Amino acid sequence: MKKLNVGMIGYGFMGRTHSNAYRQVNAFFDLKYQPVLKAACGRNSAAVKAFADQWGYTSCVADWRELVNSPDIDIVDICVPNNLHAEIAIAAAKAGKMILCEKPLAMNVAEGRRMVAAVEKAGVPNLVSFNYRRVPAVALAKRLIDEGKLGRIFHYRANFLQDWTISPDVPQGGAGTWRLDAAAAGSGVTGDLLAHCIDTAQWQNGAITGVNAMTETFVKERLHAVSGKKQPVGIDDACTFFCRFANGSLGNFESTRYACGHKALYTFEINGEHGSIRWDLHDLHRLEWFSHCDPGRERGWRSLHVTDHGGDHPYMEHWWVPGLQIGYAESFVHQVADFLTAVAAKKPCSPTFRDALQTQKVCEAVLASAAKGQWVEIAAE
Ligand SMILES: NC(=O)c1ccc[n+]([C@@H]2O[C@H](COP(=O)([O-])OP(=O)(O)OC[C@H]3O[C@@H](n4cnc5c(N)ncnc54)[C@H](O)[C@@H]3O)[C@@H](O)[C@H]2O)c1
């Protein structure tokens with residue numbers, strides 16, 4: 001097995017999920033490559049050292065430029081706030097590194113285009129971490145659609161609901177709350193949560209061609225954790241949009257951080273001419289499936305426990321025994337496994353930067369539509 005040295009930039013939530021995935025992947029997947037946790041990067045030297053010790057990184061770096069330009073690093077993994085993705089990814093591409101970048105790809109489409117140009121010019125493997133595609137039940141839904149089990153698709157609807165910013169006392173900016181600061185996040189729930197729903201939807205159901213959206217910022221001013229001053233809030237707290245897909249189906253999407261009682265309720269439902277499927281992140285190993293092709297007296301929603309082996313259920317033959325489930329963390333293990341498999345085969349691994357640019361375009365169109373109060377078309381590149 002050839003070793004590939006990983007340089008991890010950021011040691012927060014995603015730094016941990018990705019580090020865990022690199023550590024697990026060779027124990028469960030038969031791969032040509034072995035990721036090695038080589039260097040962790042962060043500005044707080046004590047915190048990054050503690051992270052490196054906990055996860056087994058052999059060195060620490062304070063400046064991401066040093067990590068990106070180090071000849072010891074093969075894979076640059078970008079797990080920092082959204083406003084840093086473009087600069088780091090472009091520098092990493094120029095340095096010839098493989099790149100795994102957290103979502104959303106960028107702050108906006110213009111930045112995303114520069115990132116796509118950089119990785120394509122350099123010819124480096126690249127992947128954006130829309131990890132929900134790699135939950136077995138979500139991947140099974142994609143297989144059922146591709147096999148034509150749903151027939152013509154009429155409707156796609158998705159929600160991503162949270163409740164952690166309802167209090168006006170939650171600050172914006174700084175560690176932990178950078179998501180509320182437009183300068184660090186680019187947008188609110190649209191880029192943070194709906195980007196996941198849009199990625200999954202376009203993967204399963206094809207391109208979104210036009211959107212009509214509304215957004216709201218319920219708390220207009222918040223204390224900024226860095227400046228210490230009350231500042232206007234520039235992000236969308238909630239977003240609802242409807243859309244058309246290229247295949248003629250209609251879409252309906254909603255996201256908010258003001259849905260009291262919901263921590264991370266990501267759900268989707270797809271209705272086709274022969275059946276429907278629905279999925280719920282809170283019960284992520286189950287796929288609900290209704291087949292109109294069943295005899296009438298037996299028709300009803302089935303709840304598939306997506307844990308079978310033998311290739312019936314994506315990824316599951318790599319884990320325990322049928323009936324025993326896996327969870328959120330394993331979607332990141334699948335992501336690394338798929339990435340390293342694609343690197344070995346010298347093939348792209350979706351969602352590439354170019355695939356993620358399509359999601360960025362939908363996000364930008366959603367925000368433009370909400371600002372103008374108008375329908376916005378999304379041109380094919
Ligand atoms: N795929 C998913 O499901 C998912 C979930 C959460 C977050 N994300 C994405 O992951 C990225 C990181 O989010 P998070 O939740 O891990 O955030 P976090 O706040 O938990 O961690 C961010 C890390 O970036 C570091 N950082 C900030 N500026 C830096 C700099 N200049 N140089 C080096 N390090 C710096 C911080 O110190 C921290 O370690 C974001 O782009 C976010 O959208 C994706």
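Quick notes on this structure:
- Scanning segment 69-91 for residues that are touching a Cys at 6+ places or on another chain (Cβ under 9 Å) and either more than 20 Å from Phe332 (Cα to Cα) or at pLDDT below 95 (or both) yields one hit, Ile88.
- Residue list for segment 138-196, restricted to those being under 30 Å from Glu273 (Cα atoms) and more than 21 Å from the chain's Cα centre (by Cα): Leu144, Asp146, Glu147, Gly148, Lys149, Leu150, Gly151, Arg152, Ile153, Phe154, His155
- Residues located in segment 210-238, provided they are part of a strand (DSSP E or B) and out of contact with any Phe, Trp or Tyr (no Cβ under 8 Å at 6 or more places or on another chain): Thr215, Glu216, Glu221, Arg222, Leu223, His224, Lys230, Gln231, Pro232
- Going through (1) buried (at least 21 other Cβ atoms within 10 Å of the Cβ); (2) within 11 Å of the ligand (Cβ to nearest atom) one by one, Ile73 falls short only on (2).
- Residue within segment 39-48 that is away from the ligand (no atom under 11 Å from the Cβ), more than 24 Å from Lys103 (Cβ to Cβ) and in contact with a helix residue (DSSP H, G or I) (Cβ under 9 Å, 6 or more places away or on another chain) present: no
- Search result, residues across segment 5-38 that are among the hydrophobic types (A, V, I, L, M, F, W, C), in contact with a Lys or Arg (Cβ under 9 Å, 6 or more places away or on another chain) and away from the ligand (no atom under 16 Å from the Cβ): Val36
- Test: residue in segment 233-244 that is free of Cβ contacts under 8 Å to residues at least 12 places away in the same chain and touching a strand residue (DSSP E or B) at 6+ places or on another chain (Cβ under 9 Å): no
The values are calculated or read from the model by the stated rules, or taken from the named source; none is laboratory data. This is a predicted model, so every value here is computed, not measured. Methodologically, a virtual Cβ is constructed for each residue, glycine included, from the backbone with ideal geometry; neighbour enumeration extends over all protein chains shown.
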